[in-house]
Amino acid sequence: MTMTYDLRLHGGQVFLHGNGLTKVDLLIQDGRIAAIVEPGFEAAARETVELNGKLVLPGAIDPHVHLGKDIRVPKDSDDALLESASAAAGGITSMLVYLMSGESYNGVVPGAQQVMESDSHVDFGFHICVGSQDHVKEIPGYITDYGISSFKFFMNFRGEEGAYLGLPGNDDGYMYDVLGMAADHGAMINPHPENIELVWKLKGRPIDESRGPLAAWNASRPSFVEAEAVQRVAYMASVTGASVYAVHTSSTLALEAMRRQRESYGNLFVETCTHYLTLTTDSPAGTYGKVNPPLRETGDLESLWEALASGELDTVGSDHNARHRSFKEKDIWKASAGFPGTGGVLPLTLAEGLRRGIPLERLVDATSTRSAQLFGLYPRKGTIRVGSDADLAVVDLDGSYTINAETQHSGAEYTPWEGTEVPLRIVHTIVRGHFALRDGVLSETTTGTYLRRETSGATALATIAKEDQQ
Ligand SMILES: [Zn+2]
């Protein structure tokens, strides 16, 4: 009896680790890559899709997403539907969503999971933001009960800064506890690195607004505020043995601070976001481009590309935040921080990276493979190999499109990249064998499922190294 596969992807150039782009066909069965074969190989398939030389990449993974109108927790159907549509349209097949609450997450995770499973186009996992001693105590349970192995904490939540989430002010002693707990349980800490005491100090200074709103915002939170916090948490990681993942790294100074700490301690990882690679204080986005850390200057953007090319930078995420436009159309001091960006992670990083001559291998690593490895999803996700989930982004390098609110699908109804021409196009996004996006059109049905992740950081990497040896 011969096997009939669910789907055959024929005639593409498939990215295979170690080989780069390879002319092979993919045979998909039950949502997984069942076989990788020569284009002439005979096999029965219920459906064959012609790719005519288009690129087939591992589906992109956005490691940094916020959902929900208050950006704390996805609550409504459209929180999941619209924002995951944005992701799928941009070649994302999995996203990791930050949950933020002052209460125990035992009362938060199941509801958030249900909302996402009902309406998400892409697979999803969660990070949890810890802010109280009770949260720290519950970390082992969050790992075993929910498969959540990465935890954010806000270094800037001092004094009353975290009160809006019902969180007490923290200090370096709290950081020590959080890092120690993560180290003991194979988890990773994703700190928001900002020295808020410096921000408070700088608040009284007169700010030159003549260079526009984004330059003024950057001047109010200069990059040494970020770099000081990065070096402090990275040093404390080495003291406690924790893995630390610096989220949304935006500046030359923060990169340098991390580089110094990495000379003596290895379990330190660096994320940047698409906006720090493609926008600066000179961009025309105005207050739509307000974000924390702020958009920086051209020198910072160039440093980040160098770090991406060299491998010093681990991942690219979006810090997606579907803050509605009504919160952004104010002066720079009153506008809300954050904007939607998950739809741009793959197309913008890929287009600009290729233009700069960065090897495809590095770009795939930063937009997919490395996130899968660091967050306990590899090799199920992040690579095209037999047995892995059939999570794929099919890219047409001869296509193009213009970024605007419509092509981004987000409920936020704007994008800081409005009008940007992208010299490639995501044609299909395939999530476990299902076309979430087909010929540029989103699916009517959503199939996103929850991703348990038992380990993150150094513990996850050690598991991969062990399996590779066997
Ligand atoms: Zn964030």
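The number of residues in region 1-30 being touching a residue at least 40 places away in the same chain (Cβ under 8 Å), in a loop (DSSP other than H, G, I, E, B) and within 26 Å of Arg362 (Cα to Cα) comes to 1.
Here's the yes/no breakdown for (1) among the aliphatic types (A, V, I, L, M); (2) within 16 Å of the ligand (Cβ to nearest atom); (3) in contact (Cβ under 8 Å) with a residue 24 or more places away in the chain; (4) open to solvent by less than 10 Å² (accessible area, probe 1.4 Å):
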site	(1), (2), (3), (4)
Ala187	yes, no, yes, yes
Asn190	no, yes, yes, yes
Gly204	no, no, no, no
Leu214	yes, no, yes, yes
Ala254	yes, yes, yes, yes
Gln261	no, no, yes, no
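Checking Arg355, Arg325, Arg362 one by one, the residue that is touching a Phe, Trp or Tyr at 6+ places or on another chain (Cβ under 7 Å) and open to solvent by 10 Å² or more (accessible area, probe 1.4 Å) is Arg325 and no other. Residue count for region 70-91 satisfying the condition of being more than 16 Å from the ligand (Cβ to nearest atom), outside any helix (DSSP H, G or I) and either among the hydrophobic types (A, V, I, L, M, F, W, C) or more than 16 Å from the chain's Cα centre (by Cα) (or both): 2. For Asn19, the conditions (1) within 24 Å of Ile148 (Cβ to Cβ); (2) out of contact with any helix residue (DSSP H, G or I) (no Cβ under 6 Å at 6 or more places or on another chain); (3) surrounded by fewer than 20 Cβ atoms within 10 Å (Cβ to Cβ) all hold with the exception of (1).
Looking only at residues that are of a type in the set (A, V, I, L, M) and outside any helix (DSSP H, G or I) in region 167-187, which one is modelled with the highest pLDDT? Talk me through it step by step, then tell me what you get.
At the first step, the residues of region 167-187 found to be of a type in the set (A, V, I, L, M) are 167, 175, 178-179, 181-183, 187.
Next, only the ones that are outside any helix (DSSP H, G or I) stay: 167, 187.
Details: Leu167: 88, Ala187: 98.
Of everything passing the filter in region 167-187, Ala187 is modelled with the highest pLDDT.
Against the numbered list (1) more than 16 Å from the ligand (Cβ to nearest atom); (2) open to solvent by 10 Å² or more (accessible area, probe 1.4 Å), Thr349 comes up short only at (2). With respect to the conditions (1) surrounded by fewer than 24 Cβ atoms within 10 Å (Cβ to Cβ); (2) within 16 Å of the ligand (Cβ to nearest atom); (3) aliphatic (A, V, I, L, M), Ala335 lacks only one, and its number is (2).
Could you say whether any residue in region 159-168 is more than 16 Å from the ligand (Cβ to nearest atom) and buried (at least 21 other Cβ atoms within 10 Å of the Cβ)?
From region 159-168, those more than 16 Å from the ligand (Cβ to nearest atom) are 159-160, 163, 166, 168; that's our starting set.
Narrowing further to those that are buried (at least 21 other Cβ atoms within 10 Å of the Cβ): none.
Within region 159-168 (the criterion being more than 16 Å from the ligand (Cβ to nearest atom) and buried (at least 21 other Cβ atoms within 10 Å of the Cβ)), the answer is no, since none of the residues qualifies.
For Val14, the conditions (1) within 16 Å of the ligand (Cβ to nearest atom); (2) outside the structural domain of Lys137 (by TED's automatic domain parsing) are fulfilled apart from (1). Taken across region 97-108, residues that are within 20 Å of Gly343 (Cα to Cα) and either in contact (Cβ under 8 Å) with a residue 60 or more places away in the chain or assigned by TED's automatic domain parsing to the domain that holds Arg432 (or both) do not occur at all. For region 298-309, does any single residue satisfy the condition of being at pLDDT below 95 and open to solvent by 10 Å² or more (accessible area, probe 1.4 Å)? No: region 298-309 contains no residue that is at pLDDT below 95 and open to solvent by 10 Å² or more (accessible area, probe 1.4 Å).
Condition test on Gly311, is it more than 16 Å from Ala60 (Cα to Cα) and free of Cβ contacts under 8 Å to residues at least 40 places away in the same chain?
On the way: more than 16 Å from Ala60 (Cα to Cα): yes; free of Cβ contacts under 8 Å to residues at least 40 places away in the same chain: no.
When the stated conditions are applied, Gly311 does not pass them.
So for region 390-399 (the condition being closer than 26 Å to Thr280 by Cα, more than 20 Å from the chain's Cα centre (by Cα), at pLDDT 95 or above and among the charged types (D, E, K, R)), does at least one residue qualify? No.
The values are calculated or read from the model by the stated rules, or taken from the named source; none is laboratory data. Computed from a predicted model, the values in this text were never measured in an experiment. Cβ: placed from backbone, ideal geometry, glycine included. Neighbour counts: every protein chain shown. Each accessible area value is taken on the protein alone, full model and side chains, heavy atoms only, with ligands, DNA and RNA left out. Shrake-Rupley method; radii C 1.70, N 1.55, O 1.52, S 1.80 Å.
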